[in-house]
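Enquirer: Next up is a structure, given as structure tokens.
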């Protein structure tokens, strides 16, 4: 297939691009290389495959540029991973998050409709579950409240996808990712940030009392789920959780990083952050049954892999 990966120079996107190329697909990426974090990191992410892909520097907020790309290139499928990410910054810049995540998704769906793209995979988020008291989180939960602008943009994106699927017979799969980590993880995310600061002997900020829990999902498992979604032949619109279905408390995560690094964290105790959920935990039974999703990397295995990548990168001076 000819596949466009939006956010293809990012953490998850660059891994997906490599997997798609390895399995014989023709790949293009759309990325605006914005300054949410150092754009050079994104360029390094795709350095090995840059000669094998089409690279299109396009801002999703620019509908004319998106339409122009789709009319120049014929795509069989879209893997829409691009977004303004992060709960906390979305509270500071809600308009930017809305314009990019909601408006940008609409621009892609409309361009796909106009050019006959048949398949669309949308990267959603576990944050859409808000403060659900039903654990683990199942796709059939009735969602009534999100608690951050970021989460609100993701549930809005899901509804746009379902609408376009219904009206235009487009095959769309929405994937709710649960805290993804691994090589190339964004530097602002907890595992990467904690590892970097503990390794350097610098203090880390722990928000709350350390009892919040997350379902951390290793990048290889996420990519397996995305690849399966690109081949899915079920209902025209469907939603799946992609998680590890194993949670860990924040304070235990910090202890695990300390153990792998062989260093002790200096902890700054901080108040809980608005918009942060207390718990994420994925029910992945639907993805197991219908996508053949089979996560194989528990945190006890994935965390040492991440730390190994991080320390080797430090050794190279990256």
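The values are calculated or read from the model by the stated rules, or taken from the named source; none is laboratory data. These numbers were taken from a predicted model, which means no experiment stands behind them. We place every Cβ from the backbone using ideal geometry, glycine too, and count neighbours over all the protein chains shown.
Enquirer: Can you name the residue in the range 231-249 that is assigned to a loop (DSSP other than H, G, I, E, B) and touching a strand residue (DSSP E or B) at 6+ places or on another chain (Cβ under 6 Å) and is also modelled with the lowest pLDDT among such residues? Walk me through how you get there before you give the answer.
Expert: Keep residues of the range 231-249 that are assigned to a loop (DSSP other than H, G, I, E, B), which gives 232-236, 243-246.
Now narrow it down to the ones that are touching a strand residue (DSSP E or B) at 6+ places or on another chain (Cβ under 6 Å): 232, 236, 243-245.
Values: 232: 98, 236: 98, 243: 97, 244: 94, 245: 83.
So, considering only residues that are assigned to a loop (DSSP other than H, G, I, E, B) and touching a strand residue (DSSP E or B) at 6+ places or on another chain (Cβ under 6 Å), the one modelled with the lowest pLDDT is 245.
Enquirer: List every residue pair whose Cβ atoms sit under 6 Å apart, with the two residues 6 or more apart in sequence or on different chains, where the first one lies in the range 168-188 and is under 17 Å from residue 227 (Cα atoms) and the second, anywhere, is part of a loop (DSSP other than H, G, I, E, B) and at pLDDT 95 or above.
Expert: The qualifying pairs are 171/236; 173/232; 178/243.
Enquirer: Looking at (1) outside any helix (DSSP H, G or I); (2) modelled with pLDDT of 95 or more; (3) over 23 Å from residue 88 (Cα atoms), can you tell me which one residue 175 breaks?
Expert: So residue 175 meets the others, but not (3).
Enquirer: Can you go through 61, 43 and tell me which one is touching a residue at least 40 places away in the same chain (Cβ under 8 Å), touching a helix residue (DSSP H, G or I) at 6+ places or on another chain (Cβ under 9 Å) and not in a strand (DSSP E or B)?
Expert: Details: 43 fails: touching a residue at least 40 places away in the same chain (Cβ under 8 Å).
That would be 61, the only listed residue that is touching a residue at least 40 places away in the same chain (Cβ under 8 Å), touching a helix residue (DSSP H, G or I) at 6+ places or on another chain (Cβ under 9 Å) and not in a strand (DSSP E or B).
Enquirer: Another one. Identify the residue in the range 252-273 that is in a loop (DSSP other than H, G, I, E, B) and closer than 26 Å to residue 151 by Cα and, among all such residues, is nearest to the chain's Cα centre (by Cα). Talk me through it step by step, then tell me what you get.
Expert: So the first thing to find is which residues in the range 252-273 are in a loop (DSSP other than H, G, I, E, B), and the list is 262-265, 271-273.
Now drop any that are not closer than 26 Å to residue 151 by Cα, which leaves 271-273.
Values: 271: 26, 272: 23, 273: 21 Å.
That would be 273.
Enquirer: Against the conditions (1) within 19 Å of residue 181 (Cβ to Cβ); (2) at pLDDT below 95; (3) out of contact with any strand residue (DSSP E or B) (no Cβ under 8 Å at 6 or more places or on another chain); (4) assigned to a loop (DSSP other than H, G, I, E, B), where does residue 276 fall short? Just the number, please.
Expert: (3)
Enquirer: Across the range 10-40, what is the total count of residues that are over 21 Å from residue 97 (Cβ atoms) and touching a residue at least 12 places away in the same chain (Cβ under 8 Å)? Break it down into steps so the answer makes sense when it comes.
Expert: Pass one, the range 10-40, residues over 21 Å from residue 97 (Cβ atoms): 14-29, 40.
Filter once more, keeping what is touching a residue at least 12 places away in the same chain (Cβ under 8 Å): 14-21, 23, 25-29.
So the answer is 14.
Enquirer: Can you tell me which condition residue 63 does not meet? The list is (1) within 14 Å of residue 115 (Cβ to Cβ); (2) in contact with a strand residue (DSSP E or B) (Cβ under 9 Å, 6 or more places away or on another chain), and all the others hold.
Expert: Just one mismatch for residue 63, condition (2).
Enquirer: Still on this structure: For the range 8-40, how many residues are assigned to a strand (DSSP E or B) and within 16 Å of the chain's Cα centre (by Cα)?
Expert: So the first thing to find is which residues in the range 8-40 are assigned to a strand (DSSP E or B), and the list is 26-30.
Next cut, within 16 Å of the chain's Cα centre (by Cα) only: 29-30.
So the answer is 2.
Enquirer: Same structure, new question: Report, by residue number, each residue of the range 98-116 that is free of Cβ contacts under 8 Å to residues at least 60 places away in the same chain, more than 14 Å from residue 154 (Cβ to Cβ) and touching a helix residue (DSSP H, G or I) at 6+ places or on another chain (Cβ under 9 Å).
Expert: Those that are free of Cβ contacts under 8 Å to residues at least 60 places away in the same chain, more than 14 Å from residue 154 (Cβ to Cβ) and touching a helix residue (DSSP H, G or I) at 6+ places or on another chain (Cβ under 9 Å): 107, 110, 111, 112, 113, 114, 115.
Enquirer: What do you reckon, is residue 198 crowded, with 19+ Cβ neighbours inside 10 Å, more than 12 Å from the chain's Cα centre (by Cα) and touching a residue at least 60 places away in the same chain (Cβ under 8 Å)?
Expert: Details: crowded, with 19+ Cβ neighbours inside 10 Å: yes; more than 12 Å from the chain's Cα centre (by Cα): yes; touching a residue at least 60 places away in the same chain (Cβ under 8 Å): yes.
The answer is yes for residue 198.
Enquirer: Can you work out which of the residues in the range 46-58 that are touching a strand residue (DSSP E or B) at 6+ places or on another chain (Cβ under 9 Å) and in a loop (DSSP other than H, G, I, E, B) is surrounded by the fewest Cβ atoms within 10 Å (Cβ to Cβ)?
Expert: Keep residues of the range 46-58 that are touching a strand residue (DSSP E or B) at 6+ places or on another chain (Cβ under 9 Å), which gives 46, 49, 52-58.
Next cut, in a loop (DSSP other than H, G, I, E, B) only: 46, 49, 53, 57-58.
Numbers: 46: 21, 49: 18, 53: 19, 57: 11, 58: 18.
So the residue we want is 57.
Enquirer: Now for a different question. Select the helices (runs of 4 or more DSSP H) contained entirely in the range 68-153, then report the ones holding at least 2 residues which are closer than 24 Å to residue 180 by Cβ and touching a strand residue (DSSP E or B) at 6+ places or on another chain (Cβ under 8 Å).
Expert: On the way: elements: 87-92, 94-97, 104-115.
Qualifying helices (runs of 4 or more DSSP H): 104-115.
Enquirer: Would you confirm whether any residue within the range 20-27 is in contact with a helix residue (DSSP H, G or I) (Cβ under 6 Å, 6 or more places away or on another chain) and closer than 18 Å to residue 114 by Cα?
Expert: No, there is no match, as no residue in the range 20-27 is in contact with a helix residue (DSSP H, G or I) (Cβ under 6 Å, 6 or more places away or on another chain) and closer than 18 Å to residue 114 by Cα.
Enquirer: Just to be sure before I move on: is residue 301 closer than 30 Å to residue 229 by Cβ and surrounded by 14 or more Cβ atoms within 10 Å (Cβ to Cβ) in the structure I sent? Steps first, answer last, please.
Expert: Working: closer than 30 Å to residue 229 by Cβ: yes; surrounded by 14 or more Cβ atoms within 10 Å (Cβ to Cβ): no.
Taking the combined requirement at face value, the residue does not satisfy it.
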